[in-house]
Amino acid sequence: MRPFRVAMLLAALGAGWCRAPVSAQGLPPEHPPIQPSGMPPDHPGMQPAPTAMPQGMPQDLAHMMAVGPKGTLAVRAIQGTVNGPKVGSDEVELYLVHRGQAVKQIKTRLDENGMVMIDDVPVGIGVQPVVRIKHAGVLYQEAGPMMDAATPRASMNVTVYEVTDEQPKWKVVQRQVMAARLPTEMDVVEVVTVENEGDKTWLGRPANEEGRRDTVVLGLPEKAEQFNLENGFHGWCCTAYADGGLHVQMPLMPGRMTYRFSYVVPIVEGSADLRFSSVAATDMATVVVPDDGAGLEAAAVEPAGTENVQGARVRRFNAARVEAGKPVGVLLTGMGSAAAVSGPAPEAARGLPVWVLTGGGVAVVACLGLIGWRRAQKRAV
């Protein structure tokens with residue numbers, strides 16, 4: 001199938017294939033967890049929102065915001081839980097984003113009908129509103145339409161949910177594992193989309209000794225190390241690597257959420273084990289590895305063809321409807337010495353395709369740059 005450009009991937013993500021946070025400097029991470037009982041108030045998972053204008057803002061920009069035209073934003077909270085109570089008087093934070101930078105924050109509250117009109121929105125420079133509503137201890141965030149002098153009025157709906165301690169039915173919609181060969185290890189990037197099929201935000205399993213509650217738990221290759229959380233996470237304050245798996249310790253909202261992370265798997269005696277599992281069932285798993293002559297033992301995956309990406313051949317393997325806890329992936333064997341590696345593997349791997357579900361089929365997306373080989377940022381756990 002014909003590859004699409006990166007913009008097509010971004011369009012697919014923005015169209016609802018996954019929930020992606022707004023990229024803007026100065027905003028605290030999205031969806032921080034409820035503070036567990038007994039947790040000190042300075043727990044890193046409860047990062048405060050910025051309350052002042054960012055330092056270093058150009059004076060002309062600040063002046064234009066102060067004296068330029070003003071607009072109005074109408075915000076309404078929608079109760080997403082069936083038969084849930086009426087939403088009202090929740091805390092609201094509005095961030096105005098200009099060219100990727102949060103330039104202003106406004107705090108307010110919903111009225112008894114779950115609505116608020118926010119006046120004096122500076123629209124002379126063109127801003128995108130990002131609204132957060134804190135409901136039942138969880139932050140819900142939505143990005144609104146661009147506002148400027150020509151379109152000074154806008155409205156937004158933000159869906160909120162009730163919380164539950166009872167585990168909902170959830171699954172892994174798609175798990176994509178993309179690996180590139182380095183001299184002594186495999187560099188791996190995963191993109192995982194999970195779905196909470198209920199209509200309440202799940203707070204997680206019973207708290208561990210540190211007061212943290214697991215929601216999404218993904219089994220990883222046995223020798224995986226040097227983890228880097230790239231997207232969809234709150235950070236290591238609310239994520240852990242334990243018992244051979246990645247434990248997300250944030251409330252799991254209804255709908256879909258996508259996580260991206262990377263790690264390395266060492267090549268030991270010519271072999272690299274890229275088999276993994278999940279505590280929940282997986283609709284589809286895709287594994288992409290170099291087509292460099294190495295031997296391969298497949299676990300619950302079937303060959304799905306090869307691709308020629310920027311002069312590098314890669315092999316793709318798929319697995320559908322994988323049971324919870326079942327190992328899936330590949331074991332690479334007979335990989336030879338480091339001298340057998342030709343060219344800089346990370347550079348070639350930046351062109352690895354990503355396979356996304358579209359209308360029941362599979363479309364190949366040439367996602368140049370999706371695999372960010374930020375080795376300086378990788379963190380060993």
Scan V163, V191 and give me the residue that is more than 12 Å from L252 (Cβ to Cβ) and modelled with pLDDT of 95 or more. V191
Taking D187 and the conditions (1) under 17 Å from the mean Cα position of the chain (by Cα); (2) of a type outside the set (A, V, I, L, M); (3) part of a strand (DSSP E or B); (4) surrounded by 21 or more Cβ atoms within 10 Å (Cβ to Cβ), which numbered condition does it fall short on, given that it satisfies the others? (1)
Going through segment 70-114 in order, the residues found to be out of contact with any Asp or Glu (no Cβ under 9 Å at 6 or more places or on another chain), on the phi < 0 side of the Ramachandran plot and loosely packed, with under 15 Cβ neighbours inside 10 Å are A74, I78, E91, D111, E112, N113
For residues in segment 135-145 being surrounded by 15 or more Cβ atoms within 10 Å (Cβ to Cβ) and not hydroxyl-bearing (S, T, Y), which is farthest from P122 (Cα to Cα)? A136
I'd like to know if segment 287-301 contains one or more residues that are within 13 Å of V217 (Cβ to Cβ) and in contact with a strand residue (DSSP E or B) (Cβ under 8 Å, 6 or more places away or on another chain). no
Going by the structure shown, is M335 part of a loop (DSSP other than H, G, I, E, B), assigned by TED's automatic domain parsing to the domain that holds N196, in contact with a helix residue (DSSP H, G or I) (Cβ under 7 Å, 6 or more places away or on another chain) and among the aliphatic types (A, V, I, L, M)? no
Tell me, please, whether a residue that is of a type outside the set (F, W, Y) and at pLDDT below 95 can be found in segment 251-262. no
For segment 275-293, enumerate the residues that are surrounded by fewer than 24 Cβ atoms within 10 Å (Cβ to Cβ), out of contact with any Lys or Arg (no Cβ under 7 Å at 6 or more places or on another chain) and part of a strand (DSSP E or B). R275, M284
Residue that is crowded, with 20+ Cβ neighbours inside 10 Å, of a type in the set (G, A, S), touching a residue at least 60 places away in the same chain (Cβ under 8 Å) and not in a loop (DSSP other than H, G, I, E, B), where the choices are A319, A272: A272
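The values are calculated or read from the model by the stated rules, or taken from the named source; none is laboratory data. Keep in mind it's a predicted model, so treat the numbers as computed, not measured. Ideal geometry is used to build each Cβ from the backbone, glycine not excepted, and the neighbour counts take in all protein chains shown.
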